[in-house]
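Right, one structure below, let's go through it.
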Amino acid sequence: MMVVIAILSVNFSLAFLLTGWVYAQLHLSLPPLVMQVFNSIGGLVITGLLVTATTRWFRPQITDGENRVYGPIIDALQRIAKGDFSVRVDSAFGQRAPSQRVLGELVNSVNQMAAELNQMETLRQEFISNVSHEIQSPLTSIRGFAQALQNDHLSADERQRYLLIIEAESTRLSRLTDNLLKLAALEGEQVKFEPKTYRLDKQIRNLILACEPQWTAKALEIDAALDPVEITADEDLLSQVWINLIHNSVKFTPERGKISAELQQQDHQIQFRITDTGPGIAPEDQSRIFERFYKADKSRTHATNGGSGLGLAIVQKIIELHHGTVTIRSEPGQGATFTVLLPPP
């Protein structure tokens, strides 16, 4: 404020001297009030000219400085907006001085955002590729056997076999689309979560019995040790978890193998464990087993009626929705054990 007053004082004093010199040159003798008015106008004019000149002088320097500091960040944001997520801002230029700490944090935030968007884009492309592959496979079979049915020389047995294959592939395609919609709803938190208290052991036992045609066809031994346990959860959603885990165990256990299911409540949590005597899963695959479309090894991938790789992703999403965890423990050739931990009611 004092600086502004000083500048105005200098400007008005200069205006007084200037107007006084003009009056002397023109031999004018004006009333004091009129001279004061002209002096004030002159002071304002000089102040305006000074401000204009100063602004024009410093504006290019300020603009260049802003461009030098914020230009790389603005350029990176513009490239990100156009879909280029590989862009990175040099983090060193935001750390040249302590006063630029905030600028450094801004640079790190932009780089982190670009890295996360790039990872999401990679996952999106991988997801589209996997979906296309999984859909194309049954469609190719349906198209091929439909064309084969046009052959008038097919026997009745061959025609029936082709029709059964088309039906099976159509069912597989329908199951894939249903699982995709289900997974999308879970990830978007668009499912209705309707918890209630019920007997978890009865639910699991009924689902194991519902799979009896599948495990009796392979002469599997089923050992179910289910303690009476009550839980407060969404019964329909959890049923999908148990069905997927039971079906996986039945599918990957060889004939005359064994499946063990255990349910108990301990240490203030509910624990469900299901173990099979299948081919097992390699350690390097276990960290990715719950990813969408991920299939661990050839023995599990090419098993009869192999799935699309969405079942365990759905299991994990539903368990997370219930604030629980699901883990796997396995060794190649030693089967696999899936453990689900859920909070008590």
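The values are calculated or read from the model by the stated rules, or taken from the named source; none is laboratory data. Since we're looking at a predicted model, the values are computed, not measured. Methodologically, a virtual Cβ is constructed for each residue, glycine included, from the backbone with ideal geometry; neighbour enumeration extends over all protein chains shown. When the accessible area is computed, the model is the full protein with side chains, heavy atoms only, and any ligands, DNA or RNA have been set aside. Shrake-Rupley method; radii C 1.70, N 1.55, O 1.52, S 1.80 Å.
Among the residues in the stretch 126-133, are any on the phi < 0 side of the Ramachandran plot and at pLDDT 75 or above? No, there is no match, as no residue in the stretch 126-133 is on the phi < 0 side of the Ramachandran plot and at pLDDT 75 or above.
When you look at Arg288, is it at pLDDT below 85 and either within 19 Å of Thr337 (Cβ to Cβ) or open to solvent by 20 Å² or more (accessible area, probe 1.4 Å) (or both), yes or no?
yes
For Gln112, the requirement of being closer than 30 Å to Ala168 by Cβ, modelled with pLDDT of 80 or more, open to solvent by 80 Å² or more (accessible area, probe 1.4 Å) and part of a helix (DSSP H, G or I) is not met. Picking from residues in the stretch 216-245 that are open to solvent by 50 Å² or more (accessible area, probe 1.4 Å) and among the polar types (S, T, N, Q), the one that is farthest from the chain's Cα centre (by Cα) is Thr216. Checking each residue in the stretch 266-282 for being surrounded by fewer than 18 Cβ atoms within 10 Å (Cβ to Cβ) and farther than 26 Å from Leu220 by Cα picks out Gln266, Asp267, His268, Gln269.
Which ones in the stretch 128-157 are farther than 27 Å from Ala184 by Cα and in contact with a Leu (Cβ under 9 Å, 6 or more places away or on another chain)?
Phe145, Ala148, Leu149 - these are the residues of the stretch 128-157 that are farther than 27 Å from Ala184 by Cα and in contact with a Leu (Cβ under 9 Å, 6 or more places away or on another chain).
Just checking, which of Leu180, Leu220, Leu200 is touching a strand residue (DSSP E or B) at 6+ places or on another chain (Cβ under 8 Å) and modelled with pLDDT under 95? Among Leu180, Leu220, Leu200, only Leu220 is touching a strand residue (DSSP E or B) at 6+ places or on another chain (Cβ under 8 Å) and modelled with pLDDT under 95.
Please go through the stretch 260-294 and give me each residue that is small (Gly, Ala, Ser) and outside any strand (DSSP E or B), ordered by number.
First pass over the stretch 260-294, keeping only residues small (Gly, Ala, Ser): 260-261, 278, 280, 282, 287.
If the condition is that a residue be small (Gly, Ala, Ser) and outside any strand (DSSP E or B), then Gly278, Gly280, Ala282, Ser287 are the ones that fit.
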